[in-house]
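Q: First the structure, then my questions, so here it is.
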Amino acid sequence: MKFKTFFLQRVLAWALTIWIGVTFIFFIPRMFPSSPVESMIAQMTSRMGNLQPEQVQALQKQLSIQFGLEGSLWEQYVSFLWNGLLHFDFGPSLMSYPEPVGNIIGTYLPYTLFLSLFSTLVAWLLGNFIGLLAGFRKNARSSKILEGIAICIYPIPYFLVALVLQILFCFVWRVFPLQANIKLSADFATWFGSLVWASILPAISLLLLGTGWWIISMKSLAGTTAEEDFVMFARYRGLSEATIGRSYVLRNSILTQITALAMSLGGVFGGSIMTEIIFGYPGVGTLIQNAILQADYNMILGTITISIVAISTATLIVDLVYPFIDPRIRYS
Amino acid sequence: MKKRSIALLLAVALLFTMVLSACGGESNSSSQGSSSEAGTSSAAGNESSSEAGGESSAESSEAGTGNKAAAGITTEVGTPREDTLIVECQSSTDCAGQFNTYMTGTGTGFGIHQLMSAHLWEMQTAKGHQYGEVVESAESNDDFTEWTIKVRQGIKWSDGEDLNADDVVFTFNMIKENDNIGANSYTNMYIDKVEKVDDYTVKFTMTEPFPRLDQCFGITVWGCDWRIVPEHIYSTVGDVTQFKDEQPVVAGPYTVDQYDPLGSWILYKLRDDWQQSTLGVVGAAEFGYTADQVPPKYVWFRYLGDSTTKQMAMVNNEVDVLCEMTLEELQAMTEMNDKIGAWMNEFPYANADDPGAKGIVFNCGLGAPYDNADFRWGICLALDIDALSENIFSGAGRAAPIPLLNNTNVMQELYTIPMTEWLENFELDLGDGTKFKPYDTGYAERMAQKLGYEGTEEEKINTFGAGWWKHDEEAATKLLNKAGLEKVDGKWQYEGKPFTFEMSYIADSEFQVGRGVQAAFNQLQAFGFDCTITSKSSSTWSVDDTNGNYQIAGYWPSGGNYLKDIYRPFTGFDNTLIQPVGQNSQGGYGGRWNNQRVTDILHEMANLSPEKDEDKCYELATEMLQEFVKDMPVINFLSGTKFVPTNSTYWQGYPCADDPYDGPWWWWSCFKYMLPKFTAVEG
Amino acid sequence: MAAFKKFWKNANFRLKFGLIVTIFFFILGFIVYYIPHINPFTFSTYDKGLGASGAHPLGTTSQGQDVFWLLIEAIHNSLAIGLIVAAIGTVVGVFVGLLSGFAGGALDRTLMIITDTFVVIPSLPILILMTSLMKGNATVILMALTLAMFAWAWPSRQIRSMSLTIKERDFIHTARFSGEGTVQIVVTEILPYALTWSLSNFMNATLSAIGSESSLAVLGLSPGNLVSLGNMINWARQYNAIFNKQWLWIGSPIVATVILFIGLFMLITGYNDYLSMKRGR
């Protein structure tokens, strides 16, 4: 009974969060002084020289009809909620007209997911492992060194790390190609090989920073837990350090880290923008950036809505599963 | 000194930790994934590593394999490097495999119009002349309401069919019937009927007297929206705006060989029967190309990301031509790889003939003082072109004195230099009874001396321009006073209130204009204007421009590129088109500059034929330019200055200052007509 | 003074290091900054591309600006942005978090849904959207406000859960039984807890705001007239300082950013350790 109420409440909050989020995303671009129609015409002018006034007027009319921007804001909003949010049909991309936004995202999303999920998970595991050691064995030299490294790397702005990696590995030593070249039309082995090869450098850059964060947060969690009374008692009882680390410290600190992982998984969309731009890696991040710069409303909505749904769903799942992992938490 | 050692220390620390965690990351990932997976990845890794590093390793073992510099090297797409020209494309595409340019999103500049499309008229920018591509000749009736064009014979589609009048008629009717095609409304506005007369003759019936069919429906800059499609393919397609055309049948010399489904590259292959393509037929007729001038077998268009990556790619010989870089980037590249050059191999390096002289525009729609010529002239005289140019590209670039006119080489010869006498005698009334002659022909000489540039008088004028406007703060002050501004305690005031304005530029493109505005902002601030500066994204600017939502902005509404007839680019300056600020300008000039004489001239030119009334047109054009100077609606700094790097490690014969057979416009449709000149470097 | 001596004696290495670095940057940004000097943004003030010398300790840029004073101005603005964002984020966050945690019921749920919305909306795309579409004159303040939009949600969530736990602790019950009102409890019992946490959150927010601003700048989206650390890096990159080996120009904002970040970060972790150590006593 209690679970049911909690479940319903949580799901309702989930739906509301998504709704508010996408409404925000729907109206913001439309409130600002930029329009895909003018953007398109400006592109043509900059390529073809000054267009004639009649040509511009003709294009303005034609494009706003094509792009579905002729209705009132309210009509557009309702149709977005119905098609976009409920059916995940965001209409055609305005800059790659008439290719549907869904198709384009479908093409690029797997690459973003592959890279980000992989590097986030590895960073999480690695970071927590090192962090646990560092927090639990506070005074060991190895844990101090590892933590020191994490502290020195984590605060470095991401683009710097990525840029340095690219210059060293792609230019000076020429180990990796400058731009990711994923052989999609080749056979599976070649394709997968080229995908992995293209992902190594971006993944390392993400790992460098991601791991640092997990080390630091896990270390402080583990450090706090290790000072709690029940760990002291375990020590007095003569349990081995390994057992204490595994069954007491880890189990108690990992919960917080799982929530944080869920939150960061959702963040892969936004976080991948810099990676993709610097390494020329295909993915949703570049789509988002280009869409924003060219005022491609449908693409902005499509990518960010998916991102919002993904993050809220991830947190929803974690919230629902949490009590099963940690019996101390009651549904409240 | 101390900072330096800290920097060094940090760099070492950064490196060390990177290597450390790189090892950590890898070992972890292999233990993480299943062992077989790790196996494949490393195997594939080795394979492609040999490919990426292939160019360098192969170079040493080239001796036995051939006599080309690139012999033995294979590109990332599997073609021999000696047969592959690698060209940068400035943006990637989200809809790969889509080659139908009548779908809005198709990446036309991704080699599609450079290598495959056929247009009615094509442009020769170096000589400033337009020639028929599909069109052999065009004749009109006396009042320009009917045009009869002859289609060139001998051009074949890549599947062997002849290109003839049917294709032209079909293309135009297709555009006229499909309102999802971008060119639809404009075509319908002026073209009433397109009919076939015989297999190689087409008759266009216009809706009104239309003397400039070639300029409006053919290419003058970059490309145009009327690309002839094969009737025998497109007529079988249900909806041409939904037809991707994944294996295009084309009239141009290349066809698509492979493409990246993720949109980062396209590999084009030369048609076996390329002599029957537009390049073969028109190239022979217009450029005198012979059968043994064979263009590169493969042209690989690739997107290379940000400018850092582009530089690294070119230094590593992984790309032969780049589209646009800054002076600093070019210099850095030539320092690292001496095979890299540009239009000129020494300062100023750049080609200054790109359409679009960059400068600042005034929003006259805001009323006083922006709509006052004295104010605009005052600002102009407060600017120091020497310093501006130095801040833009260290002095490289041709000064463009006449507002709104692109001071390309062709235009400078046609208009600016012949107008010298008028310009020198042109006087400004400073409002205190004195007159001031602002034109200054000393710019070229000063810059040449400052920069140590040696050359003949003619070369100096070609390089730095015929002149610009004097930097005279006293005259500027008088003009501004005349416009109602007053300098109080070193700060300008208007109507008793501090006078401020915002200067904007476009953030994500066009370094030339951005730097120009930054420098002008600095100079005006020093001159006592309490102005601010801001960058706008291009999508914001496009709306702000059309709605008149700016004060002074860096932009290039300029026109007049390579053709003697300069009517068409200035049609938007007709004052009957002016809309109030805040409303869409609907194709009228966003700066809302109102000049009756210019409007009258435009109306008069509209019905004159650039061929039959050539002298009258020229006379009116000159008078219009004089009006521009008197009113100074925009201030042009430098003519469009493009640093277009070329790498002659594997390929040579690029157009350059010593051999200017065409402009270095790899992203324009005329690119195909340069290719027979490109040859592989002998090793 | 004695209190400080005691603090210094008890402080760990990181706290000391962080504090010294941070104070050093504050001196640069808020004291050295006010030493009279020519507006460093003005172009062609000096010769271009000079190396380090007595007159220009860090040389000059390709536009003839003095790198040293540009750097000082950049540190000033970046710190200002960071501090404003952190202040707004922390104050709003603590307020919303406490309100929601203590009020409970419908208010709590509404506030949390709004907070969650801001947590789930990806911030970088929205920041790109805001800055790229923001009409012109983005100042330090406007930039900070934009960044602050996303700086309050996470702290308010943390503070809320913190206040929920604290609410259940014995001493609160004791206080309640002894007749203290909710407001009084919040102020006397809970705020001190929240404050120590907020201080470390404040420093973290400063750090991430400076980081976000530099990301935007590197994407070319920070206001063009704003001399910030990120913009300085971006300008140097636009003039190709990396490949033209103008190390002082490109390097000084990078090194400053990295040292400032490490310093702030050490300050945070050192401070947290210091607190936990103090509590342990």
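Bear in mind these aren't lab numbers, they're just calculated from the coordinates by the rules spelled out. Here the structure is a predicted model, which is why all the values come from computation and not from measurement. With ideal geometry, Cβ positions are generated from the backbone for all residues, glycine too; neighbour counts draw on all protein chains shown.
Q: State, to one decimal in nm², a quarter of the convex hull surface area for the C-alpha atoms of the stretch B:291-398, i.e. the direction-averaged projected area.
A: The orientation-averaged projected area of the Cα hull of the stretch B:291-398 comes to 11.1 nm².
Q: On to the next question. Highest GNM mean-square fluctuation, chain A, Cα pairs closer than 10 Å: which of A:ILE317, A:ILE104, A:ILE215?
A: A:ILE317
Q: So how long is each side of the protein assembly as shown along the principal axes, counting just the alpha-carbon atoms, biggest first, in Å?
A: 107, 76, 65
Q: Still on this model: So the label point goes 7 Å from the Cα of B:LYS564 along Cα→C-beta, right? Which residues of the stretch B:413-441 then have their backbone N under 19 Å from it?
A: B:413-420
Q: What is the distance in Å between the Cα centres of the stretch B:79-142 and the stretch C:225-240?
A: Going from one Cα centre to the other spans 37 Å.
Q: Let me ask another. Taking only the Cα atoms of the stretch A:67-178, how large is their convex hull per residue, in Å³?
A: Taking the convex hull of the Cα positions in the stretch A:67-178, it is 201 Å³ per residue.
Q: In peptide C:246-257, what is the residue-averaged number of other protein chain Cβ atoms found within 10 Å of each Cβ?
A: Averaged over the peptide's residues, the number is 3.
Q: By count of other Cβ within 10 Å, fewest leading, how are B:CYS364, B:CYS89, B:CYS656 ordered?
A: Ordered from fewest to most neighbouring Cβ atoms within 10 Å, B:CYS364, B:CYS89, B:CYS656 come out as B:CYS656, B:CYS89, B:CYS364.
Q: With all pairs of different alpha carbon atoms counted, what Kirkwood hydrodynamic radius in Å does the stretch B:364-641 show?
A: After inverting the pairwise mean of 1/r, the radius is 19.3 Å.
Q: Another question about this same structure. Taking Rh as the Kirkwood radius computed over C-alpha pairs, what is the Stokes-Einstein D of the stretch A:108-292 at 37 °C in a medium of viscosity 0.692 mPa s, expressed in µm² per second?
A: 183
Q: I need the helices of chain B that pass two filters: whole DSSP H segments spanning 24 Å or more by Cα along the axis, and mean Kyte-Doolittle score no lower than 0.5. Walk me through the intermediate numbers first.
A: On the way: long enough: B:2-32 (44 Å, 0.68); B:35-52 (25 Å, -0.77); B:614-631 (26 Å, -0.75).
Span-like helices in chain B: B:2-32.
Q: Label-point separation (nm) for A:GLN76 and A:LEU125, each offset 7 Å from Cα along Cα-to-Cβ?
A: Taking the simple label geometry, A:GLN76 and A:LEU125 are separated by 4.6 nm.
Q: What whole-number value in cubic angstrom gives the convex hull volume per residue for the C-alpha atoms of chain A? Kindly include the intermediate steps, with their values, before the conclusion.
A: Numbers: hull volume 62.9 nm³, N = 332.
Enclosed volume per residue, from the Cα hull, is 189 Å³.
Q: A further question follows. Tell me, how many Å apart are the Cα centres for the stretch A:150-172 and for the stretch B:143-220?
A: Using only Cα atoms, the two centres lie 55 Å from each other.
Q: Just check the stretch B:414-513 against the gyration tensor rule for me: Cα atoms, a ≥ b ≥ c as the square roots of the eigenvalues, rounded for a/c under 1.5, and otherwise prolate or oblate depending on whether a/b exceeds b/c.
A: Here the stretch B:414-513 falls in the oblate category.
Q: Scattering from the C-alpha atoms of the stretch B:118-245 alone, worked out with Debye: what is log10 I(q)/I(0) at q = 0.13 1/Å?
A: Treating every Cα as an identical point scatterer, log10 I(q)/I(0) equals -0.52.
Q: Compute and list, largest first, the equivalent-ellipsoid semi-axes of the stretch C:186-261 from the alpha carbon gyration tensor, each √(5λ) rounded to a whole angstrom. It would help to have the intermediate numbers written out before the result.
A: Numbers: eigenvalues 257, 33, 10 Å².
One finds semi-axes of 36, 13, 7 Å for the stretch C:186-261.
Q: Zone of C:LYS245 (label point 7 Å along Cα→Cβ, backbone N under 14 Å): which residues in the stretch C:20-62?
A: Only C:51 fall inside the zone, counting backbone N under 14 Å.
Q: So which GluC sites (Glu not before Pro) in the stretch A:1-109 end up in coil per DSSP with only 13 or fewer other C-beta atoms within 10 Å?
A: Working: sites: A:GLU38, A:GLU54, A:GLU70, A:GLU75; in loops: A:GLU70.
Listed in order of number, the matching sites are A:GLU70.
Q: Also, quick follow-up: Within the set B:LYS460/B:LYS642; B:LYS564/B:LYS612; B:LYS127/B:LYS339; B:LYS127/B:LYS677, which residue pairs have Cα atoms separated by over 21 Å?
A: Details: B:LYS460/B:LYS642 18 Å; B:LYS564/B:LYS612 13 Å; B:LYS127/B:LYS339 28 Å; B:LYS127/B:LYS677 17 Å.
In this structure, B:LYS127/B:LYS339 exceed 21 Å between Cα atoms.
Q: Once label points are set 7 Å from the Cα along Cα→Cβ at both C:LEU275 and B:GLU136, what is their separation, rounded to one decimal in nm?
A: Output for this residue pair reads 8.7 nm.
Q: Next up: Quick one: Kirkwood hydrodynamic radius for the stretch A:16-94, alpha-carbon pairs, angstrom, one decimal?
A: Hydrodynamic radius (Kirkwood, Cα pairs) of the stretch A:16-94 is 14.2 Å.
Q: While we're looking at this one, here's another question. Quick one: helix A:101-136 against the long Cα principal axis of chain A, what's the angle to the nearest 10°, folded into 0 to 90?
A: For A:101-136 against chain A, the angle is about 20 degrees.
Q: Okay, helix-only estimate at 222 nm for chain B: each DSSP H run of n ≥ 4 adds -39500 (n - 2.57), divide by all residues, round to 500 deg cm²/dmol; what do you get?
A: -9500 deg cm²/dmol
Q: With the contact rule set at Cα under 8 Å and sequence spacing of 6 or more, what percent relative contact order holds for the stretch B:364-641?
A: Here the relative contact order equals 28 percent.
Q: Counting only helical runs of four or more DSSP H residues, what would the 222 nm mean residue ellipticity of chain A come to if each run contributes -39,500 (n - 2.57) and the total is spread over all its residues?
A: -24000 deg cm²/dmol
Q: Name the long-range amide H neighbours of B:VAL151: under 5 Å, sequence gap of 5 or more, or other chain; modelled H, no Pro or chain starts.
A: B:GLU136, B:THR201, B:VAL202
Q: Kindly write out, for the stretch A:229-238 in residue order, the coupling ³J(HN,Hα) from the Karplus curve 6.51 cos²θ - 1.76 cosθ + 1.60 (θ = phi - 60°), rounded to whole Hz, with x marking Gly and Pro.
A: Listing the rounded values in order: 4, 5, 6, 4, 4, 4, 4, 4, 6, x Hz.
Q: Equivalent-ellipsoid semi-axes (√(5λ), Cα gyration tensor) for chain B, whole Å, largest first?
A: 43, 37, 24
Q: For the stretch B:118-245, give the magnitude of the charge dipole about the Cα centre (Cβ charges: +1 Lys/Arg, -1 Asp/Glu; no others), in debye to the nearest 20.
A: 360
Q: With each pseudo-label sitting 7 Å past Cα toward Cβ, what's the A:GLU241-A:PHE188 distance in nm, one decimal?
A: Distance between the two pseudo-spin positions: 4.6 nm.
Q: Using r as the Cβ-Cβ distance of B:GLU421 and B:GLU459, and R0 as 25 Å, what FRET efficiency do you calculate, to the nearest 0.05?
A: 0.65
Q: Relative to the longest principal axis of the C-alpha atoms of chain C, give the angle of the C-alpha long axis of helix C:105-120, reported between 0 and 90° and rounded to the nearest 10°.
A: Helix C:105-120 and the main axis of chain C meet at about 20 degrees.
Q: Most fluctuating residue of C:GLY54, C:GLY263, C:GLY105 in a GNM of chain C with Cα springs under 10 Å: which is it?
A: Among C:GLY54, C:GLY263, C:GLY105, the largest mean-square fluctuation in the Gaussian network model of chain C belongs to C:GLY54.
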